[in-house]
Amino acid sequence: MIRTQKVMVRLDDGDWLCLPVHRHHSFGSDTYLAKSHALFCPSCQTVWAILKFVDDTEVWPVAQFCENCDPKASVLYSPWYPVPGSLLVEEGWGVIDESLLAVLPEQFLKREFNLHLKAYS
Ligand SMILES: [Zn+2]
């Protein structure tokens, strides 16, 4: 099923960039249903992104580091944390929300590319 999801990212100046995407409501070869998420950084303790299907009544918090914080400074550091600032929420061992990646607008796709380059360089 195709649904509309608002993808919102807090910018450095405090404003929010919000772009809608139309996407499958499932991922992992339709094994899992995508949920609405608020991405909360455990280091700076802010919600830095919201991924909300427009007709969902619940938004689930997910602890994920923002692009400005270093997960390696965390007392609970794990090398398996997702790339800081990435919108691609890990839904389980080795499962990311690839159906979101497939429809990200160019502006967010470039952002993901740059964040991944930074994390692995
Ligand atoms: Zn942070």
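The residues packed around K118, meaning those with a beta-carbon under 12 Å from its beta-carbon, carry a net charge of -2 if Lys and Arg are +1 and Asp and Glu are -1. What does the charge count around V59 come to, taking other residues whose C-beta lies under 10 Å from its C-beta (Lys +1, Arg +1, Asp -1, Glu -1)? Here the charged neighbours net out to 0. Taking amide hydrogens as placed 1.01 Å from N in the peptide plane, the amide H of E90 sits under 5 Å from that of no residue at least 5 positions away in sequence or on another chain. By the gyration tensor of its Cα atoms, with a ≥ b ≥ c the square roots of the eigenvalues, what is the shape of region 43-121: rounded for a/c under 1.5, prolate for a/b over b/c, or oblate? Oblate shape, in that a/c is at least 1.5 and b/c is the bigger or equal ratio.
With θ set to phi - 60°, apply the Karplus curve 6.51 cos²θ - 1.76 cosθ + 1.60 along region 4-9 and write out the HN-Hα couplings as whole Hz, x wherever there is a Gly or Pro. Each residue of region 4-9 in turn: 9, 10, 8, 9, 10, 10 Hz. Taking Cα atoms, how many degrees apart are the long axis of helix 106-120 and the longest axis of the chain, rounded to 10 and kept between 0 and 90? Relative to the chain, helix 106-120 is tipped by roughly 30 degrees. For region 55-72, putting each phi into the Karplus relation 6.51 cos²θ - 1.76 cosθ + 1.60 with θ = phi - 60° gives couplings of 9, 6, 9, 10, 10, 8, x, 10, 7, 8, 5, 7, 5, 8, 10, 9, x, 5 Hz, in residue order, rounded to whole numbers and with x for Gly and Pro.
Computed 3J(HN,Hα) for region 96-102, one whole-Hz value per residue from the Karplus formula 6.51 cos²θ - 1.76 cosθ + 1.60 where θ = phi - 60°, is 10, 7, 5, 5, 6, 4, 5, glycine and proline marked x.
Suppose every Lys and Arg Cβ carries +1 and every Asp and Glu Cβ carries -1, with no other charges. What dipole size does the chain come out with about its Cα centre, to the nearest 20 debye? Roughly 80 debye, rounded to the nearest 20. Each of D56, D30, D13, D97 was scored by other Cβ atoms within 10 Å of its Cβ. Listed from fewest to most, they are D13, D30, D56, D97. Over region 2-120, Cα pairs under 8 Å with separation of 6+ residues give a relative contact order of 22 percent. The lysine pair count for the chain, using Cα distances under 25 Å and pairs eight or more places apart or on different chains, is 9.
A short reminder: the numbers here are calculations on the coordinates, not readings from a lab. Please read all numbers here as calculations on a predicted model, not as lab measurements. So basically every Cβ, Gly included, is an ideal-geometry build from the backbone, and we count neighbours across all protein chains shown.
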